[in-house]
Amino acid sequence: MNRHTVLKAISHLESEGLVRIERGRGAYAVVNPIELRLGARSWFEQNLRDGDRMPSRTVIAIEKVRVSGAP
């Protein structure tokens, strides 16, 4: 395949948001991109819901720690 054809195809994929190009590093597929609205009143969970995704949390660990000097 001609080099220019490949570069044009990758450029098209980048414009569609399917590929991220990092100069000097390569081209990377964008998997499950999340569009974030940034602003004073934007919430990460609301951005997920707007993208038809369900926010969730997982507790990894719970640990009681005694503070030094405390009774």
- Scoring the chain by relative contact order with C-alpha pairs under 8 Å, at least six apart, yields a percentage of 14
- Query: Helix 3-15 versus the longest principal axis of the chain: what is the Cα-based angle in degrees, 0 to 90, to the nearest 10?
  - Reply: 40
- Candidates (1) 3, 12, 12, 12, 11, 11, 11, 8, 7, 5, 3, 2, 2, 1, 0; (2) 3, 16, 19, 16, 15, 14, 10, 5, 2, 0; (3) 3, 18, 26, 22, 16, 10, 4, 1, 0; which is the computed P(r) over Cα pairs in 5 Å bins from 0, in percent? (1)
- Query: Among 27, 68, 17, which residue has its Cα positioned farthest towards the positive end of the charge dipole of the chain, with +1 placed on the Cβ of Lys and Arg, -1 on the Cβ of Asp and Glu, and the dipole taken about the Cα centre?
  - Reply: 68
- Quick one: net charge around residue 28, please, counting Lys, Arg +1 and Asp, Glu -1 for every other residue with C-beta under 9 Å from its C-beta. +1
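Taken together, the values in this text are just the output of simple stated rules run on the coordinates, not laboratory data. Keep in mind it's a predicted model, so treat the numbers as computed, not measured. Positions of Cβ are generated from backbone atoms using ideal geometry, with glycine treated the same way; all protein chains shown enter the neighbour counts.
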